[in-house]
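First comes the structure, then the notes that go with it.
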Amino acid sequence: MPLSTQSQADDEQYVLVASLDNARNLSNILKAITFKDHAIFNATPNGLKVTVEDSKCLQANAFIQAEIFQEFTIKEDVVGFQVNLTVLLDCLNIFGGSTVPGVSTALRMCYRGYGYPLTLFLEEGGVVTVCKINTQEPEEPIDFEFCSANVTNKVILLSESLKEPFSELDMTSEVLQITMSPSQPYFRLSTFGNSGNAHYDYPKDSEMMELFRCNKTQTNRYKMSLLKPSTKALALSSKVSVRTDSRGFLSLQYLVRNDDGQICFVEYYCCPDEEVE
Amino acid sequence: MSCTRVFRQVCYLHVSSSDSDHCHLSHVVFLYLQGQNPNCRRRLQCGENGTVPKDTEKDSEARAKPQGRRKAFGKAIHALSRIGDELWLDPMVKGLALRSVNTSHSAYACFLFSPIFFQCYNLECGPEQDNQSIKCKLTLKSVLPLFRCLTSIERNVERCQISIRTPSDCVVIQFFCRHGLIKTHNLCFQESEALQAEFASHLCPNVLKAPARLLGDMVMHFPVSQEEITLSTTPQRVSLRNYYEGGNDHMRMMYTEMSLHPDEFVHFQVGVDSDITFCLKELRGLLSFADSHCLPVSVLFGAAGKPVCFFMEDVVLEATVVLATLSDSESDPSQPTASPAPTSRRCEEAATAAAAAVPAGSHEAQDIPAVMELIPSSQGSPILHPPGLMQLLPQCDVPDGLGVPGEGCASATPASTPICSLLFRALSSQQQQDHDGPSVLACDSDAEDETLAVRTL
């Protein structure tokens, strides 16, 4: 592989080197969180975490574990930088996204450290492209202080049952209301649009409901504009866990299987718009 | 041939309400469209006096394809969305009517689903409603998305329930889907005068009945952008060709014409040679519906200028589209009152219906404002204003006889005036004449705004 013939000496300069035989394993998951231009990259020996935020109310994280990469070398405990996510995705797809089976773009992502650009070596069919993307000072991601101890309600649903309702949500509604309750209606998504309101009710004993653990009846509203981008993550995922805590903060965690069947996670955190008891 | 209703039976299906929160409703209509459910409920038929006879197999045909019903209902909504922006829902004893009309009142469609189309059809009138059925008007923008993906409805929806509640003025459409998911849509409606176009089908000199798919196959040859087509009929042949306004750009047009021999039709009756031009776009929805149901389509029409009616029916439903046609006038339409419609030379003279729907008695002709163009009708119908004015006529001469030439028009203009409009009869009650209520003949935007304003106060 041409990429592996990069001299070992070069590697000495990089604090982070990550290689993938199939760049789609990274680009697909990043598409699930691309609703803003800029993303914060945070690499640790465990893997890569990419964060995108919106107006201090919404945060999306994509986790790609070190095991997913064919090579993952990190020289420091934490390596962080910020790049333009749209540009990064364009580079990852620079060969045009081939659909021929067996043909994939190989990726070698290298970062020399603070002040240096992110270097991508992309190869397909013997052709190598080198992309250098400017990096910025990473912002500190918001800590939503969402911890398991404060979770009041949790359900795990198969994504298949949510995909259609999410795609047909009434966009004239400013909010998406989520009701979780140990009694009827158990799990309900509601919209309030121009022509009326709509409710999607999921019973707790449905085959689509893998886990149902609701202790308290809670109804919270979230801005539709913030949650609508999560539809992309939903489309990629096979399962989603929906949790709310005592403050009404929402956590959506999506289990995504990549092309090779490996598991990655995408999560969304969202502040409530207003609390409705 | 008249527009007879072919329902062999009218079923009053009584279902005990299982939802406690329905008990306060003064007027409730329950309609169930059942899907492929192995636990298909046995339907009970209730006589007028409330007795419950044994279950019958009379409508086995209706039960044969329950899975097609939701799709058919959705397709009707799609077809109506091609006509206008609003949907009138009219639950009646004889069935549920879905109607729409376009803004210039030159196209009207009605889909009537008999009670046996539904798994359950329940009309309940509260005491204050008397015998009046409710008439509600929804925007198609709010209804169409619910039925947009028909294949998904077929696959996922086990049951569709539509209920109309008057105190809260909302239509509730519920989809009971696979895996227990229930989608509930509460749509607010405006109470509105019912809408129904009058069409004297038995007065039409020309009646063609085309076998299923014939018309659909013919119009397929016209480009999607084709606005209007001309149907020419002689006793020897029927032809369809595209129609272009104005004399310009002759050289850049592609003319398409196709002819059919009378033998191609199931029924062929040509009383008068005619060339009628009407809007194709509005018809396509109905033809698509007919194609998917393999239903023959009847075309009823007369000379140019009179409306054309496309009609199809089967045991459980009937669908009608009435379109305005251009008049004979070839001259430049120097119409004093401009019409808002882009195809401004729409014209039609509506014939009053002597069908059963016409209430007894006639009204006194009111003074018709002089600014309006009046075109005499050989059918005796009163003339309405051109679409541009959209004035509400409180009362008009409505003879309930057959073809009595009406002299109720204050003035007449030569028949060459191209603009006229479709005559609508708004039913203020079920075939009952209000003692002093004016019969609304055209729902015009102004009145609707007033209604809306009143309602929001």
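Just a yes or no: is a residue in the range A:184-200 of a type in the set (Gly, Ala, Ser), on the phi < 0 side of the Ramachandran plot and free of Cβ contacts under 8 Å to residues at least 12 places away in the same chain? No, that holds for no residue. With the requirement that a residue be crowded, with 20+ Cβ neighbours inside 10 Å and under 15 Å from residue B:271 (Cα atoms), what does the range B:202-221 give you? Once the filter is applied, which keeps residues that are crowded, with 20+ Cβ neighbours inside 10 Å and under 15 Å from residue B:271 (Cα atoms), the range B:202-221 yields B:204, B:206, B:207, B:208. Every residue in the range A:140-158 that is within 13 Å of another protein chain (Cβ to nearest Cβ) and surrounded by fewer than 19 Cβ atoms within 10 Å (Cβ to Cβ), please. If the condition is that a residue be within 13 Å of another protein chain (Cβ to nearest Cβ) and surrounded by fewer than 19 Cβ atoms within 10 Å (Cβ to Cβ), then A:158 is the only one that fits.
Return a yes/no flag: does the range A:184-199 have any residue that is more than 14 Å from chain B (Cβ to nearest Cβ), in a strand (DSSP E or B) and under 22 Å from residue B:186 (Cβ atoms). No, the range A:184-199 has no match at all. Whether a residue is part of a helix (DSSP H, G or I) and among the hydrophobic types (A, V, I, L, M, F, W, C) was assessed, and residue B:208 does not pass this test. For the range B:247-326, the strands (runs of 3 or more DSSP E) that sit wholly inside it and include 2 or more residues that are within 24 Å of residue B:236 (Cβ to Cβ) are B:257-260, B:267-270, B:274-279, B:297-301, B:308-313. For the range A:200-220, the set of residues classified as of a type in the set (Phe, Trp, Tyr) and either touching a Ser or Thr at 6+ places or on another chain (Cβ under 6 Å) or at the interface with chain B (Cβ under 7 Å from one of its Cβ atoms) (or both) consists of A:200, A:202, listed by residue number. Looking only at residues of the range A:159-173 that are touching a residue at least 60 places away in the same chain (Cβ under 8 Å) and under 11 Å from residue A:228 (Cα atoms), we find that the one that is farthest from the other protein chains (Cβ to nearest Cβ) is A:166.
The rows are residues; the columns are (1) touching a Gly at 6+ places or on another chain (Cβ under 9 Å); (2) more than 11 Å from chain A (Cβ to nearest Cβ); (3) at pLDDT 85 or above.
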site: B:117; (1), (2), (3): yes, yes, yes
site: B:130; (1), (2), (3): no, yes, no
site: B:157; (1), (2), (3): yes, no, yes
site: B:160; (1), (2), (3): yes, yes, yes
site: B:163; (1), (2), (3): no, yes, yes
site: B:175; (1), (2), (3): no, no, yes
site: B:180; (1), (2), (3): no, no, yes
site: B:193; (1), (2), (3): no, yes, no
site: B:218; (1), (2), (3): no, yes, yes
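Within the range A:223-255, being in a strand (DSSP E or B) and more than 17 Å from residue A:155 (Cα to Cα) holds for one residue alone: A:223. Looking across B:112, B:150, one residue alone is surrounded by 22 or more Cβ atoms within 10 Å (Cβ to Cβ) and either within 14 Å of chain A (Cβ to nearest Cβ) or modelled with pLDDT of 85 or more (or both). It is B:112.
The values are calculated or read from the model by the stated rules, or taken from the named source; none is laboratory data. What you see is a predicted model; the values in this text were computed from it and never measured. When we count neighbours, we look across all protein chains shown, and the Cβ atoms used for this are built from the backbone with ideal geometry, even at glycine.
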